[in-house]
Amino acid sequence: MLKKLLYKIEKLRSGELEGFETLKEHIKSLDEFQYHQIVERLKFQIEIVEKYKPKVRPAIDPVVSTELGIYRRLDDFEIGKLLEYPECCIKSFVEDVRIAIDRKHLKEVEDMKEELKSRGVYAIVLPSGFIPCSLKCKEAIRKGYIGYLNKEEFDKILMLENELKEKIKHWHFGYEEYYEKILL
């Protein structure tokens, strides 16, 4: 997934990718240093993530996200589409103003907790910053934005997250973690 993002960023910079007019304009306006930093940091993150092959992709390096304008919310629909979030999740985020895991999500956890535990699920994991329409969203699960992980898979996620935190330093105060974790 991160490789696809890198490809799209490169195509936006060259003007070859359609359907992202706001983001294309923004990425094309970055100076060479900023653009180079985005690409190199993302490539380094991809290199680390590929060693672990996690079931759920981590959040994007906060420096990359910031430079892409994600936190400025240039265009939430374009950003969601760029990140390949399910359309239902993008709509939920924008139209229902869901900016964090909320009571509805936590109610879903309570409702399915016993069933998930009986299947050996230890935790529900999402990339930090991804707010799904539902923790049961089949498309988000299929795309690797929501994972129902056993203990071994969860431990692997923690190892990946620790390596990312150690090797990709950033100044963003908004999130320290690359994953949202809901332990069952």
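Details
- Near Glu180, the amide H atoms lying under 5 Å from its own belong to Leu126, Ser128; only residues 5 or more places off or on other chains count, and H is placed 1.01 Å from N.
- Accessible area (Å², 1.4 Å probe, nearest 10) - Val97: 100
- Per residue, the stretch 56-184 exposes an accessible area of 51 Å² to a 1.4 Å probe, with every protein chain left in place.
- Taking the Cα centre of the chain as reference, the dipole from Cβ charges on Lys and Arg (+1) and Asp and Glu (-1) amounts to some 460 debye.
- Calculated FRET efficiency for the pair Ser118/Trp171, C-beta based, R₀ 30 Å, to 0.05: 0.10
- Each of Leu42, Phe154, Leu17 was scored by the projection of its Cα onto the charge dipole of the chain, and the greatest displacement toward the positive side belongs to Phe154; charges sit on the C-beta of Lys, Arg, Asp and Glu.
- Cα gyration tensor, the stretch 1-160 - rounded (a/c under 1.5), prolate or oblate: oblate
- Over the stretch 1-41, accessible surface divided per residue gives 58 Å², non-protein components excluded, 1.4 Å probe.
- Using a probe of 1.4 Å on the protein chains alone, the accessible area found for Arg98 is around 30 Å².
- 5 angstrom amide H check on Asn150, placed H, neighbours 5+ away: Tyr122
- Listed peptides 110-122, 137-149 by packing density, highest first (mean Cβ within 10 Å): 137-149, 110-122
- Here the stretch 1-183 exposes an accessible surface that is 53 percent carbon and sulfur, computed with a 1.4 Å probe and the other protein chains kept in place.
- The gain in end-to-end length when the Leu158 to Val97 segment is fully stretched comes to 19.0 nm, 0.36 nm per residue minus the alpha carbon separation.
The values are calculated or read from the model by the stated rules, or taken from the named source; none is laboratory data. This is a predicted model, so every value here is computed, not measured. As a convention, Cβ positions derive from the backbone with ideal geometry for all residues, glycine included, and neighbour counts pool all protein chains shown. Please note that ligands, DNA and RNA were not included when accessible areas were found on the heavy atoms of the full protein model with its side chains. Shrake-Rupley method; radii C 1.70, N 1.55, O 1.52, S 1.80 Å.
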